[in-house]
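The values are calculated or read from the model by the stated rules, or taken from the named source; none is laboratory data. Everything quoted here is computed from the prediction, not taken from an experiment. Virtual Cβ from ideal backbone geometry, glycine too; neighbours counted across all protein chains shown. When the accessible area is computed, the model is the full protein with side chains, heavy atoms only, and any ligands, DNA or RNA have been set aside. Shrake-Rupley method; radii C 1.70, N 1.55, O 1.52, S 1.80 Å.
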Amino acid sequence: ASFFFLCFRTSLVTPLIFVLLLQPPLTQLSIITQPNIVLLMADDLGIGDVGCYGNDTIRTLNIDRLAKEGVKLTQHIAAAPLCTPSRAAFLTGRYPLRSGMDAINNYRVIFWNGGSGGLPPNETTFAKILQQQGYSTGLIGKWHQGVNCESRTDHCHHPLKHGFDYFYGMPFTLISDCQPTETPEMDRAFRRKLWLYTQMICLVTLTAALGRLTGLISVRWKALTCLAGFSLLFFISWFSSYGFVRYWNCIMMRNYEVTEQPMVTDRTTSLILRESISFIERNKHMPFLLFLSFLHSHTPLLTTEKFLGKSSHGLYGDNVEEMDWMVGQVLDTIDKEGLENNTLVYFASDHGGWLERQEGKRQLGGWNGIYRGGKAMGGWEGGIRVPGIFRWPGVLPASTVIDEPTSLMDIYPTVVHLAGGVLPQDRVIDGRDLMPLLRGTVEHSEHEFLFHYCGIHLHAVRWHQKDSGAIWKAHYVTPDFRPLGAGACYDRGFCPCFGEGVTHHDPPLLFDLSRDPSEAKPLAADTEPRFDTVVRTIARAIEEHRRTLTPVPEQLSLYNVVWKPWLQPCCGTFPFCWCDKEGD
């Protein structure tokens with residue numbers, strides 16, 4: 001009897017072992033606990049600037065290598081068309097207006113390191129959850145989510161208060177003001193007005209003084225003194241901030257310490273790369289999260305001499321090719337340390353390329369391929385459709401292309417689940433776990449509707465009608481391009497979200513992106529039989545979505561975005577803020 005039982009048990013176990021051995025490696029995810037996670041995010045990179053997305057003139061061999069060895073998403077969508085709100089959504093997995101990080105005015109991003117707005121302390125980033133799961137978490141590069149709230153040392157919005165163990169980089173964003181040889185970029189039109197008003201006030205003051213001296217005007221010296229004092233105060237009130245943008249905004253920090261004020265742009269690229277590689281090498285024996293937030297390819301396009309003049313697209317192309325080289329250096333480090341099979345690598349851009357960014361005949365912004373519009377445009381595809389690439393050898397299939405709607409917000413639940421964490425239960429999380437889609441265990445994205453905001457204004461909605469394969473997109477507000485027939489707002493430099501410069505559509509402009517990804521031919525009720533049904537379905541989705549929104553403090557209110565001297569990070573005794581600790 002025992003011999004019969006042994007034979008029976010063997011007959012069951014042997015086929016079971018055989019079946020398990022035949023299982024492909026893609027089903028072995030459960031045995032890989034807490035992979036390393038490397039998130040690479042470009043700044044202002046257009047989807048049309050990357051080789052694997054159709055560009056055949058800018059060399060992006062390392063980004064293309066990621067796509068060849070992993071999964072490429074062709075409909076990867078940013079939650080906002082500008083840096084601050086898009087990155088807030090990326091970090092929290094939530095539409096930015098849920099955290100107050102979308103604008104009610106024309107100041108749509110964090111404007112000063114010395115402002116009081118930023119990612120609220122009660123928001124839970126994916127870094128904070130991974131930190132709680134035992135990960136070593138690091139952010140290298142751009143932050144642009146604020147620094148302080150009430151004093152220059154409270155650091156309430158700082159990366160270290162949002163789950164990162166280590167930070168090296170810019171708390172702000174790269175702008176042309178950081179490069180002394182470049183034309184100032186920040187609030188350029190407003191600065192011109194301030195200069196004009198200052199000159200007008202001074203002219204009135206001088207005219208009154210000359211009139212008093214010559215006896216042509218009867219005015220008291222006391223009144224002239226008050227007028228002169230007002231002129232001086234007006235000048236100081238704005239020049240104390242805008243006159244020193246390079247010192248206030250163009251700084252580098254290591255954790256809470258300011259290391260360069262102003263930053264030395266000639267070595268920024270090498271320092272960011274060195275810090276990224278060092279972080280991987282220091283943490284290779286434990287699970288780590290590295291968020292490498294590139295300063296490329298934002299103006300002023302800091303590019304080392306090694307890459308200058310090497311591309312066929314001028315300085316912008318040189319800058320993109322240098323960033324691609326940096327991606328390669330990070331990948332080589334991962335491979336050299338033997339971490340490739342236990343590391344999920346992700347590459348994306350925070351939003352579309354900046355079409356209007358030009359200096360004379362030089363195009364300094366990116367290209368968005370076949371997609372209409374660009375940076376700052378909340379509805380058009382060119383402003384929000386970005387590269388999205390994942391690589392994880394042995395877990396994700398190589399050379400795979402997925403044409404399903406996905407979002408930058410999806411990174412949040414994806415990495416949280418991989419780390420063994422639990423999503424916050426006290427708030428709405430708009431992102432969806434991408435692993436089933438990336439591994440091919442499901443056919444469709446979990447997103448049925450995606451809402452496309454410009455500031456707090458809803459400009460468009462996407463509906464993925466999974467049973468038909470159609471991807472409907474309804475535009476309720478679109479920017480007015482100038483000059484007429486152009487593809488951007490060249491007269492303004494940025495397209496607005498509301499007021500003059502936009503057109504409201506009722507009924508909305510409707511496109512089927514599955515047939516018309518360039519949004520070139522809007523559909524009409526007399527030519528599209530499903531027009532009314534689609535518009536009604538999307539309208540109901542908007543109502544349901546709005547019921548999930550709750551009022552929160554506006555982080556980008558006028559009060560929060562203005563410069564406040566008492567909040568300004570300073571490596572000396574304010575206002576004498578100057579240091580170069582990297583050089584020392």
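In whole percent, how big is the carbon plus sulfur part of the accessible area of the range 188-242, probe 1.4 Å, protein atoms only?
Roughly 75 percent of what the probe reaches on the range 188-242 is carbon or sulfur.
At R0 = 45 Å, how high is the FRET efficiency between residue 237 and residue 504 if r is their beta carbon distance? Nearest 0.05 is fine. All intermediate terms of the calculation are to be shown ahead of the outcome.
On the way: r = 37 Å, r/R0 = 0.82.
Efficiency for this residue pair is about 0.75.
Can you give the charge dipole size of the chain about its Cα centre, rounded to the nearest 20 debye, using +1 on the beta carbon of Lys and Arg and -1 on the beta carbon of Asp and Glu?
On the way: 53 positive and 59 negative charges, 228 e Å.
Dipole size: approximately 1100 debye.
Would you give the gap between the C-alpha center of the range 353-384 and the C-alpha center of the range 498-541, rounded to a whole Å?
22
Using a Förster distance of 51 Å, how high is the FRET efficiency between residue 191 and residue 341, based on the Cβ-Cβ distance and rounded to 0.05?
On the way: r = 52 Å, r/R0 = 1.02.
Efficiency, from the Cβ-Cβ distance: 0.45.
For residue 111, what accessible area in Å² do you get when you roll a 1.4 Å probe over the heavy atoms of the protein chains, rounding to the nearest 10?
30
Output ³J(HN,Hα) for the range 210-215: one whole-Hz value per residue in order, computed from phi by the Karplus curve 6.51 cos²θ - 1.76 cosθ + 1.60 with θ = phi - 60°, and x for Gly and Pro.
Values, residue by residue: 5, x, 5, 5, 8, x Hz.
Hey, any idea what % of the range 466-584's accessible area is carbon plus sulfur with a 1.4 Å probe?
56
Rounded to the nearest 10 Å², what accessible area does residue 218 have for a 1.4 Å probe in the complete protein model?
My reading of the accessible area for residue 218 is about 120 Å².
Starting from the Cα gyration tensor of the chain, take the square roots of the eigenvalues, sort them a ≥ b ≥ c, and report rounded, prolate or oblate (rounded when a/c is under 1.5, otherwise prolate if a/b is larger than b/c, else oblate).
Judged from the Cα gyration tensor, the chain comes out prolate (a/c at least 1.5, a/b above b/c).
With label points built 7 Å along Cα→Cβ from the Cα atoms of residue 515 and residue 573, find their separation and express it in nm.
Placing both labels 7 Å beyond Cα along the Cβ direction yields 7.3 nm.
Project the alpha carbons of the range 56-105 onto their principal axes and report the range along each, largest first, in whole Å.
Computed over the Cα atoms, the extents are 40, 22, 16 Å.
Counting other C-beta atoms within 10 Å, and keeping those with at most 12, which DSSP coil GluC sites (Glu not before Pro) do you find in the range 99-186? Write down the numbers at each step before the final one.
On the way: sites: 123, 150, 182, 185; in loops: 123, 150, 182, 185.
Taking the range 99-186 and a limit of 12 other Cβ atoms within 10 Å, the loop GluC sites (Glu not before Pro) found are 150.
Go through the range 458-556 and name the GluC sites (Glu not before Pro) that are in a DSSP coil and have 13 or fewer other Cβ atoms within 10 Å of their Cβ.
The qualifying sites are 500.
Taking amide H positions as placed in the peptide plane 1.01 Å from N, state which residues far from residue 509 in sequence (5 or more) or on other chains have amide H under 5 Å from it.
Correct list: 475.
State the Cα centre-to-centre distance between the range 76-91 and the range 417-491 in whole Å.
11
Within straight cross-link reach of residue 284, meaning Cα distance under 26 Å, which lysines are found once same-chain residues fewer than 8 apart are removed?
Cα-Cα hits under 26 Å: 68, 128, 142, 161, 336.
How big is the gap, in Å, between the Cα center of the range 208-251 and the Cα center of the range 266-303?
45
When we measure straight from the Cα of residue 361, which lysines land under 28 angstrom away, once same-chain ones fewer than 8 places off are left out?
Of all the lysines, those that pass the test against residue 361 - Cα under 28 Å, at least 8 places apart if same chain - are 193, 306, 310, 375.
Between residue 456 and residues 5 or more places away or on another chain, which pairs have amide H atoms under 5 Å apart, with H built 1.01 Å from N, and which residues are they?
103
Once phi is turned into ³J(HN,Hα) by the Karplus curve 6.51 cos²θ - 1.76 cosθ + 1.60 with θ = phi - 60°, what whole-Hz value does each residue of the range 424-436 show in order, with x for glycine and proline?
x, 9, 9, 7, 7, 10, 8, x, 10, 4, 8, 4, x
At 1.4 Å probe radius, can you tell me the per residue accessible area of the chain in Å²?
42
Charges on Cβ only, +1 for Lys and Arg, -1 for Asp and Glu, centred on the Cα centroid of the chain; of 203, 60, 424, which one is farthest towards the dipole's positive end?
203
Once phi is turned into θ = phi - 60°, what whole-Hz ³J(HN,Hα) does the Karplus curve with 6.51, -1.76 and 1.60 give for every residue of the range 235-248, x standing for Gly and Pro?
Residue by residue, the range 235-248 yields 5, 5, 4, 9, 6, 5, 9, 5, x, 10, 3, 4, 7, 7 Hz.
For the range 436-539, compute Rg over Rh where Rg is the Cα radius of gyration and Rh is the Kirkwood radius from the inverse mean 1/r over Cα pairs. Working shown, then result.
Numbers: Rg = 15.6 Å, Rh = 15.2 Å.
Checking Rg against Rh, the ratio lands at 1.02.
Put +1 on the Cβ of every Lys and Arg and -1 on every Asp and Glu Cβ in the chain; which of 396, 35, 296 then has its Cα farthest towards the positive end of the dipole?
About the Cα centre, the residue reaching furthest to the positive side is 296.
Hey, got a sec? Which trypsin sites (Lys or Arg not before Pro) in the range 169-263 land in a DSSP loop and have at most 11 other Cβ atoms within 10 Å?
Counting only loop positions with at most 11 other Cβ atoms within 10 Å, the trypsin sites (Lys or Arg not before Pro) in the range 169-263 are 220.
May I ask you to derive the FRET efficiency for residue 399 and residue 106 from their Cβ-Cβ distance with R0 = 51 Å, giving the value to the nearest 0.05?
Efficiency for this residue pair is about 0.70.
Search the structure for amide H atoms under 5 Å from the amide H of residue 490, placed 1.01 Å from N in the peptide plane, and list their residues when 5 or more places away or on another chain.
Sorted by chain and number, the residues that satisfy this are 482.
Counting DSSP beta bridges with both partners in the chain, what percentage is antiparallel, nearest 5?
Roughly 55 percent of the DSSP beta bridges within the chain come out antiparallel.
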